[in-house]
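To keep things clear, I will list the structure first and then write my remarks on it.
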Amino acid sequence: MEKNNNEKNQKMVSSKNLVISASILVVSIIIIAFSLTWAYFTVGNGGKEAINDNQAAILNVDSNLKNASAINETEMALIEPENVDTEAKKVTFDVTNQDTSTVNAKYIVKLIDYSITKNLSSEYFKWKLVVNPGEGEQVFSGNFLQNDIPEGTTLTGVEENDKVSGLEKELVSEDEALTLNVGESDNLVFYVWLENNQSNNQIYLTSGQFRGKLSLEAYPVK
């Protein structure tokens, strides 16, 4: 009888973990912060040092990120890993190296000026950036675990001293910078979600706040 009760309790805990709804405020303030750059290159003629002309190259990178819909959720449910692409909150946008450019471009993507309550400093609060979804896609991913905040920190209420602010995360770093030839576009999808883990009690993920800004920076390929 005791064994049956234990099995029943375990099933109840597992079921609760599956349907737990975290009252977290996730606000992604969508901004565009790319650079429109004039890049100057020195060119020679036949290798003769006496001829040394400066030629201006135009870089004109644009994005509809500034017009994309923000993530603004007051509740996020825990999601199974296999359901991330269909159930996670996301922002979709394009980046284009315009035909008016005369040079190829590289660009990086950041999450800037973000703040996070300590309970959301977790390996289960995750992000993913997919570039050109489908065949040949590139995927960048990670989580919001802060090294100086223990996993599983609980809050008695969302207060200023529960929050860490002014943070920055490179979603695509300079070492991984994406290249856009003249006239080409990339389609990007940014996901953020809480991932379910049936073997752990994730109640500490509730009643938190997260706010951040997506930023795009472009520069010429020399």
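Every residue, every condition in (1) among the acidic types (Asp, Glu); (2) buried (at least 19 other Cβ atoms within 10 Å of the Cβ), yes or no:
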| site | (1), (2) |
| --- | --- |
| Gln146 | no, no |
| Glu159 | yes, no |
| Glu168 | yes, no |
| Ser215 | no, yes |
- prompt: When the residues of region 165-221 are filtered to those that are of a type in the set (Lys, Arg) and modelled with pLDDT under 90, which remaining residue is farthest from Glu80 (Cα to Cα)?
  reply: Lys213
field: Subset of region 168-222 (residues that are hydroxyl-bearing (Ser, Thr, Tyr) and touching a Lys or Arg at 6+ places or on another chain (Cβ under 7 Å))
entry: Thr179, Tyr191, Ser215, Tyr219
task: Kindly establish whether Val139 is of a type outside the set (Phe, Trp, Tyr), surrounded by 12 or more Cβ atoms within 10 Å (Cβ to Cβ) and modelled with pLDDT of 95 or more.
output: no
message: So, Asn181, is that one in contact (Cβ under 8 Å) with a residue 24 or more places away in the chain, surrounded by fewer than 17 Cβ atoms within 10 Å (Cβ to Cβ) and of a type outside the set (Gly, Ala, Ser) or not?
response: yes
query: Is it fair to say Ser122 is under 28 Å from Thr102 (Cβ atoms) and in contact (Cβ under 8 Å) with a residue 60 or more places away in the chain?
result: no
query: Within region 68-105, which residues are among the aliphatic types (A, V, I, L, M) and either in a strand (DSSP E or B) or modelled with pLDDT under 90 (or both)?
result: Ala68, Ala70, Ile71, Met76, Ala77, Leu78, Ile79, Val91, Val95, Val103, Ala105
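The values are calculated or read from the model by the stated rules, or taken from the named source; none is laboratory data. This is a predicted model, so every value here is computed, not measured. Because the Cβ atoms are built from the backbone with ideal geometry, glycine has one as well, and the counts that use them run over all protein chains shown.
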